[in-house]
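The values are calculated or read from the model by the stated rules, or taken from the named source; none is laboratory data. On a predicted model such as this, the values are computed, not experimentally measured, just so you know. Glycine gets a Cβ as well: all are built from the backbone with ideal geometry, and neighbour counts include every protein chain shown.
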Amino acid sequence: MSLATLSDPLTALRVICGAWFLPHCVGKLRNIDAAAMNSFRKAGLPRPRLFVYATIALELLAACGLVLGVYARIAAAMAVVVLMGASIAVVKINGFNWRWQKQGPEYMIFWAVACTLSVW
């Protein structure tokens, strides 16, 4: 991918949306037992460790697909599944608080919409 390709706004958005998954994966991997497992447990998921690893795998696949432009629509769909799941979990844990200051789901919903628009 050249810099000229990144001058297309939708391509740049797609790459950014994919790249944002990388720090999320690193954070989950560094905190599997502490933060990640507890969050998945609080959300009521029956096997939190399995969901943590499945989420990491989906996020990495989505990131690769979006950044590299390989099966970008499928990658965006995987990203939307992960982000909508995270939105539902956040609402289950914190209640429906729209604002990020109250740990609401709006960031993940915005990110899911951006992933979708980037491959439209």
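Observations
- Residue identified as surrounded by 14 or more Cβ atoms within 10 Å (Cβ to Cβ), at negative phi and polar (S, T, N, Q) among N31, N94, N38: N31
- Every pair of residues 6+ apart whose Cβ atoms lie under 7 Å, when the first sits in the stretch 32-46 and is closer than 10 Å to I93 by Cα while the second is of a type in the set (F, W, Y): F40/F51
- Per-region count, the stretch 73-120, residues assigned to a loop (DSSP other than H, G, I, E, B) and of a type in the set (K, R): 1
- Residue in the stretch 60-70 that is at negative phi and touching a residue at least 60 places away in the same chain (Cβ under 8 Å) present: yes
- Qualifying residue in the stretch 44-61 (condition: at pLDDT 85 or above, among the aromatic types (F, W, Y) and either closer than 27 Å to S118 by Cβ or part of a helix (DSSP H, G or I) (or both)): yes
- Any hit, the stretch 13-33, residues being of a type outside the set (A, V, I, L, M, F, W, C), modelled with pLDDT of 95 or more, closer than 22 Å to S87 by Cα and over 12 Å from the mean Cα position of the chain (by Cα): yes
- Look at the stretch 74-100: where a residue is under 14 Å from W111 (Cα atoms) and a partner is charged (D, E, K, R) and surrounded by 14 or more Cβ atoms within 10 Å (Cβ to Cβ), sitting 6+ places away or on another chain with Cβ atoms under 6 Å, you get V82/E59.
- Members of the stretch 97-115 that are crowded, with 16+ Cβ neighbours inside 10 Å and farther than 21 Å from F40 by Cα: A114, C115
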